[in-house]
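The values are calculated or read from the model by the stated rules, or taken from the named source; none is laboratory data. Just so it is clear, the model here is predicted, and its values are computed rather than measured. Backbone-built Cβ (ideal geometry, glycine too); neighbour counts: all protein chains shown. Protein only, heavy atoms only, side chains kept; ligands, DNA and RNA dropped before computing areas. Shrake-Rupley method; radii C 1.70, N 1.55, O 1.52, S 1.80 Å.
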Amino acid sequence: MGMTMTQKILAAHAGLDEVKVGQLIQAELDLVLGNDVTTPVAITEFKKMDIDEVFDKSKVAIVPDHFTPNKDIKAAEQCQCIRNFAHQMDVENYFEIGQMGIEHCLLPEKGLVVPGNVVIGADSHTCTYGALGLFSTGIGSTDMAAGMATGQCWFKVPSAIKFELTGKPTKWVSGKDVILHIIGMIGVDGALYKSMEFVGDGLKHLPIDDRFTMANMAIEAGAKNGIFLVDDQTLAYVNEHSTKPYTVYEPDEDAEYEQVFKIDLSTIRPTVAFPHLPDNTRTIDEVGDVAIDQVVIGSCTNGRMSDLRIAADLLKGKKIAKGIRTIVFPGTQKIYLQAIEEGLMKIFIEAGAVVSTPTCGPCLGGHMGVLAKGERAVATTNRNFVGRMGHVESEVYLASPAVAAASALVGKIVGPEDLDKE
Amino acid sequence: MKVKGNVFKYGNNVDTDVIIPARYLNTSDPKELALHCMEDIDKDFVKNVNQGDLIVANKNFGCGSSREHAPMSIKAAGVSCVIASTFARIFFRNAINIGLPILECEEAVKGIDAGDEVEVDFDTGVIINVTKNQTYQAEAFPEFMQKIIKADGLINYIKSTR
């Protein structure tokens, strides 16, 4: 029986010719990632093993991005803990404030993840890198500690769901709408323990930034990983950002999939996930009248250049509706700088938005945009659980940068197509 | 090993944000985390939970973030076992890795109500509902995971194999 992309990558990293669904394997790791929330716990566990050094100082990445720039004394202490550890262990890929970015925007940009890799990260959205044709998955702090110590991680070989994408998305439809559509279709546990493999002709109409967004939210369907077939766009991105050697894996023709979904991208409408689960989706045509208080554009899901360009395109020369707080937070320092150079920041500020340094803060209700009781936000982030962005009685509506920017101008949830009608 | 306690029952998709809200993640002290366990789904949980009590929930328990603080806070709050129809995969790994006992058992989830007294035998996977006089059989863990559980977590397991 043939293997999926994920199964082939796992087999190669376990030193096996073949793996089967359900098989427990020990895989060699190409990168182990942690952030300022998860790494302190990992360090405590790491120290219990009485080990003096990490397995490979070039294969550990630590990014203080959640409560940074430090939001309070406790957060400062957590960052101090990981900074000291990174220095002690001589971790090559520690990114201090000033060089950092939101981890899942930063690592691909730095060329640290390339096709064929196996990557674990103590952050659930580590699945983002699957956009580049590699196996990457979120794990917890103890797995991170074990990974840093041994360079290995245990996995149960997953089965897979195949998504065959065809057609071309219409003007205002992005990867965010595609993945929200898919999660709405299969549910928040629709891919539990499984791989989501994305293939098909439609890929050529999905730029890499859109693929990052889609792979990023594979976890919101419960998936172990999301992975895209490698094509010319992938290789162009990888060659531009990395000098690391890579291997391209394609699924076997007789690879077994538990389910196959054929999706015509041209039929997908701008899509919004209503509170309080990412699978509670409606098309923009079904949204109705939802007044909002805050708009959040950015995050590891949608904080890349193309996301900011789409938002700026809609906000240019216009004013955000009275009383609406709009927060734009670019994914990395490099994206921030490029957005300045392209004049996007001027557009945001003149429209009445605030621009933040790269941070995970607003997305998880950490800082920089926490919601009060009864408040509603439209966000380009990834989760809309109860209390995700603040008060337990606040609400988050997940959407694309286009829908978020259009909504900021009107003060209620609308699509970009509706702007002319307002 | 056996545990016994009263049940706190929840529904589908109990996510890590309600188990331990991100506003408390500026610490990794288990005792401090335990003070806010389940706060955004059940604000009285911490007040009402007793050492040895169990959490029983429907499908996809622990979905969302990778924060190990979620199973840590549950364990530190005194919960002896979580039984669910299914667990989200990162929560599943984290629970095994830190030695918080978890069991997947659809039948038990259907039979058990909030407040029931339940006894669990981890060696056999047998779950006894003392209140309702019912017995359920949970699925056994693969041998590799049993080794991690017996070593009281992944770190001890790795230490023992080095």
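Values for this structure:
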{"read-out": "Some residue of region A:347-362 being modelled with pLDDT of 95 or more and within 10 Å of chain B (Cβ to nearest Cβ)", "value": "yes"}
{"read-out": "Flag for A:Val114 being open to solvent by less than 20 Å² (accessible area, probe 1.4 Å), under 21 Å from B:Ile155 (Cα atoms) and assigned to a loop (DSSP other than H, G, I, E, B)", "value": "no"}
{"read-out": "Test: residue in region B:147-156 that is open to solvent by 80 Å² or more (accessible area, probe 1.4 Å), modelled with pLDDT of 95 or more and either of a type in the set (S, T, N, Q) or not in a loop (DSSP other than H, G, I, E, B) (or both)", "value": "no"}
{"read-out": "Subset of region A:284-309 [β-branched (Val, Ile, Thr) and either more than 18 Å from the chain's Cα centre (by Cα) or in a strand (DSSP E or B) (or both)]", "value": "A:Ile284, A:Val287, A:Val290, A:Ile292, A:Val295, A:Val296, A:Ile297"}
{"read-out": "Subset of region B:50-98 [hydroxyl-bearing (Ser, Thr, Tyr) and over 17 Å from A:Gly222 (Cα atoms)]", "value": "B:Ser73, B:Ser80"}
{"read-out": "Residue check for A:Asp210: open to solvent by 20 Å² or more (accessible area, probe 1.4 Å), farther than 15 Å from A:Ser174 by Cα and charged (D, E, K, R)", "value": "no"}
{"read-out": "Every residue from region A:363-380 that is touching a helix residue (DSSP H, G or I) at 6+ places or on another chain (Cβ under 8 Å), more than 12 Å from chain B (Cβ to nearest Cβ) and assigned to a loop (DSSP other than H, G, I, E, B)", "value": "A:Thr380"}
{"read-out": "All positions within region A:234-268 that are open to solvent by 70 Å² or more (accessible area, probe 1.4 Å) and of a type outside the set (Val, Ile, Thr)", "value": "A:Asn239, A:Glu240, A:Pro245, A:Tyr246, A:Glu250, A:Glu253, A:Asp254, A:Glu256, A:Glu258, A:Gln259, A:Lys262"}
{"read-out": "Within region A:200-277, strands (runs of 3 or more DSSP E) holding 1 or more residues that are under 26 Å from A:Leu10 (Cα atoms)", "value": "A:225-228, A:259-264"}
{"read-out": "Subset tally (residues that are in contact with a Pro (Cβ under 7 Å, 6 or more places away or on another chain) and over 14 Å from A:Met148 (Cβ atoms)) for region A:66-84", "value": "3"}
{"read-out": "Breaking point among (1) open to solvent by less than 20 Å² (accessible area, probe 1.4 Å); (2) over 25 Å from A:Ala406 (Cα atoms); (3) more than 14 Å from chain B (Cβ to nearest Cβ), for A:Ala191", "value": "(3)"}
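To keep it simple, each residue is scored yes or no on (1) out of contact with any Phe, Trp or Tyr (no Cβ under 6 Å at 6 or more places or on another chain); (2) in contact (Cβ under 8 Å) with a residue 40 or more places away in the chain; (3) not assigned by TED's automatic domain parsing to the domain that holds A:Lys110.
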residue	(1), (2), (3)
A:Ala221	yes, yes, no
A:Gln233	yes, no, no
A:Tyr246	yes, yes, no
A:Asp254	yes, yes, no
A:Asn280	no, yes, yes
